[in-house]
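Let me begin by presenting the structure, written as structure tokens, before commenting on it.
No value in this document is a laboratory result; all are computed from the given coordinates. All figures in this text were calculated on a predicted structure; none of them were measured in a lab. So basically every Cβ, Gly included, is an ideal-geometry build from the backbone, and we count neighbours across all protein chains shown.
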Amino acid sequence: MLQIGADYYPEQCSESCWPTDVALMNEAGVSIVRMAEFAWSRMEPAEGQYAFEWLDRILDLLHQGGIQAVLGTPTATPPAWLHARYPDIYPMDQRKYRLGFGIREQRCLNNDNMRAYGQRIIEAMARRYAEHPAVVGWQIDNELSANLCYCPICHEKFHVWLQGKYNTLDALNQAWGASFWSQEYSDWAQIPLPWHVKGGVFHNPSLQLEFRRFQSQATIDFEREQIALLRRLAPRHFITHNMMGLHNSLDCYELGKELDFVSWDNYPITPWGESPFGSPLAADVMRGIKQRNVWVMEQINGITGWNTMGRRPSGEWLRCAAWQAVAHGADAVVFFRWRTACYGTEQFWHGVINHDGVPRRRFREVAAFGKEIQQFAPMLDGTAPRSEVAIVNAYEQHFAMDIQPQAEGLGIWDQAAHYYRALQTRGLNVDVVPLSAGLNAYKLVIAPSWYILTPEDAACFIDYVQQGGTLILSPRTGVKNADNACYEAPLPSLLRELAGVEVDDYDALGKDESSIQTAGGQKYATSVWADLLQLHGADAIAWHAGSVFTGEPAITRHHYGSGAAYYFGVFAEPALYDALLGRILEESEIQGLMELPEGMEAAWREKDKQKYLFLMNFNDSERTAAVPGGLTALLGNAPENGSITLPAYGVGLYECAMNPHGIGTHQTQTSICKA
Ligand code: GLA
Ligand code: ZN
């Protein structure tokens, strides 16, 4: 059931505040809290001495107040006594500088002492709380990222990892092309970490990719060890982890595998500017990890900031952002944080309640949202977003692109955003999924730079199109094999036959502008990258204009099997995607449901025969969207003559009639409402 919650740190305020907190949580409709993920030193003040009485007391109070708790495993903040005893838990950076105590996450996850002591505190917590009536689940650690540590322990384990993978040094030397710059190894111990050396960190890309895989897996092993322990000791509880939206240092599909569901932290704005953490794309990436609904474990609820503060978002905007999370598949919205900290680094990251403990404006805003959620929870129970369009994703592509970015704007999420925006303005749900999710359920699949291309992945794409799917490929597809070495073949290498093109030449434009022209004579500005395409079966649908490639094909379409493969050899201004994707959506028989103005968003949740539309206007003035017929307003303005107008930061929720013959002028579009 949909619910709201708060991240709660009772260890950071005086105990006399607790009863007030619980009463105010009740008033706000908060039915879940996440807690204890940074409280190791309070739970184990000295080695082996546990002090859980305070946690017992607050959990009892919460239980009396009808509030449930998710307990965080506290391994993001190892206590000072542990570091004093085992200084080698501190990680090393690329200059082999040993980091010290002071913030959090100052730990190498490959360190056996870190792991053993982590297991011990978790075991103590689980034994104590497995049957506590307030506790319903666990969050593993906090916002895990790849263990990018360069300490001697990591070095040694990296060698073991490499031996396990390549077996012989000959195989490794060969796969990595180690003859380049005389880097052939005759002993495993000679293989460096990608640390800072003369010339910087420009190591062999094969070595770098393997290191990224190794350290991604190190974090995942650390996570899985915790999961295994909790499954054994607290089998009635769910286990989740709070991921970070578009963060890509580790393989989130592997990270998600053993969890019951994914949670994520949603901060669309921070004082540091536009944030990779929160956005509708991030929400869809998070939902796609397990292809099921998620929780938002931390949701922005006011002024953010550590030393510098962000602007105070309006209550309407905050509500809009929270509804957006729900629309994209969140079943719980947990606000970060309940009480604003009077101490510590995050004093200025504002909670629901101010430093003074008095419930003020933000409290009332959260409470109002809580009321709405309570009202619609029964109706939305069991609903989830469904989509006919997918963007495919693999974290290896991010690793490899981070290692060699090649041109500004070529990042995988940057690329995805071009297509995503165009799909969004048509009011379509978009899934972001790994290839293993299976593509056949989708009518249209977009694969931003499938840069590392294995024969298995290629077969997946080929099969999908063969069976009737429509696939969009982009530049830098098939450049590398799994060892991060370039294919000795024309691009897009293993997908050449599918795409019906060969890349004859290319240009890393970055921020520089160029242009293309479509068959209709329409011109569009391009940047980032330009592929000059040679036709080998495909038809050109746009040509380069105004560059050294003028007149040559830039975008192509190839009918293949029962489907079609498009190759977009450029990155263009939004208007091109609106025009071309509009056409492709029609060909794929996905009906463009709506026309949404910039900053207005739609998303759908459905179950059985029920279907609900969420509309959000993120503009600071009113906007009107063209919508299909058959919509009944449950929240926000009702449709009038095929359109809905929402005020600044307005939210609308609509029930969609299942009757395809609906409604007057918008008949053709109503069919998308069919279950
Ligand atoms: C992250 C963390 C929280 C807190 C917030 C605000 O999302 O998970 O512990 O630090 O940011 O800075
Ligand atoms: Zn290390």
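Summary of computed values
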{"item": "Charge sum, other residues only, whose C-beta stays under 11 Å from Thr454's C-beta, Lys/Arg counted +1 and Asp/Glu -1", "result": "-3"}
{"item": "Tyr97 paired with Glu123, simple spin-label distance in nm, labels 7 Å along Cα-to-beta-carbon", "result": "3.8 nm"}
{"item": "Cα gyration tensor shape of region 345-479, rounded if a/c is under 1.5, else prolate or oblate by comparing a/b with b/c", "result": "oblate"}
{"item": "Residues with amide H under 5 Å from that of Asn619, placed H, sequence gap 5 or more", "result": "Tyr649"}
{"item": "Compactness relative to 2.2 N^0.38 Å, alpha carbon Rg of region 576-656", "result": "1.13"}
{"item": "Extension reserve of the Met379-Ala459 stretch, reckoned as 0.36 nm per residue once the Cα distance is removed", "result": "24.6 nm"}
{"item": "Packing-based order for 213-222, 18-27, using average beta carbon neighbours within 10 Å, highest first", "result": "213-222, 18-27"}
{"item": "Point-to-point label distance, Ser16-Asp170, nm (Cα→Cβ direction, 7 Å offset)", "result": "7.7 nm"}
{"item": "J(HN,Hα) series, region 29-42, from Karplus relation 6.51 cos²θ - 1.76 cosθ + 1.60, nearest Hz, glycine and proline x", "result": "x, 6, 10, 9, 10, 9, 8, 6, 6, 10, 10, 4, 5, 7"}
{"item": "Rg(Cα)/(2.2 N^0.38 Å) for region 1-110, N = residue count", "result": "1.29"}
{"item": "Eligible aspartates and glutamates near Lys198 by straight Cα distance, threshold 20 Å, same-chain separation 8 or greater", "result": "Asp93, Glu184"}
{"item": "Cα-derived Rg to Rh of region 232-370, Kirkwood definition", "result": "0.99"}
{"item": "Reduced Cα scattering model of region 294-375, Debye log10 I(q)/I(0), q = 0.17, 0.18 Å⁻¹", "result": "-0.66, -0.73"}
{"item": "Relative contact order (%) - criterion: Cα under 8 Å, at least six apart; region: region 303-449", "result": "21 percent"}
{"item": "Cross-link partners of Lys511 among lysines (Cα-Cα below 26 Å; sequence separation of 8 or more within a chain)", "result": "Lys480, Lys523"}
{"item": "Local net charge near Lys523, Cβ-Cβ under 12 Å (Lys/Arg +1, Asp/Glu -1)", "result": "-2"}
{"item": "Rounded if a/c under 1.5, otherwise prolate or oblate - region 477-560, Cα gyration tensor axes", "result": "oblate"}
{"item": "Net charge over other residues, Cβ less than 15 angstrom from the Cβ of Asn617 (K, R count +1; D, E count -1)", "result": "-4"}
{"item": "Alpha carbon Rg of the chain, scaled by the compact-globule rule 2.2 N^0.38 Å", "result": "1.00"}
{"item": "DSSP beta bridges in the chain [antiparallel fraction, %, rounded to 5]", "result": "55 percent"}
{"item": "Sum of -39500 (n - 2.57) over DSSP H runs of 4+, divided by residues of the chain (222 nm, nearest 500)", "result": "-9500 deg cm²/dmol"}
{"item": "GluC sites (Glu not before Pro) within region 93-173, DSSP loop, no more than 15 other Cβ atoms inside 10 Å", "result": "Glu131"}
{"item": "Cross-link partners of Lys609 among lysines (Cα-Cα below 27 Å; sequence separation of 8 or more within a chain)", "result": "Lys290, Lys371, Lys443, Lys674"}
{"item": "Gain on full stretching of the segment that runs from Trp54 to Asn26 - 0.36 nm per residue minus C-alpha separation", "result": "8.0 nm"}
{"item": "Cα lying deepest toward the dipole's positive end in the chain, options Gly521, Pro205, Ala341, charges on Cβ", "result": "Ala341"}
{"item": "Of the DSSP H helices in the chain, those whose Cα atoms cover at least 24 Å axially and whose Kyte score averages -1.0 or more", "result": "112-129, 205-233, 361-380"}
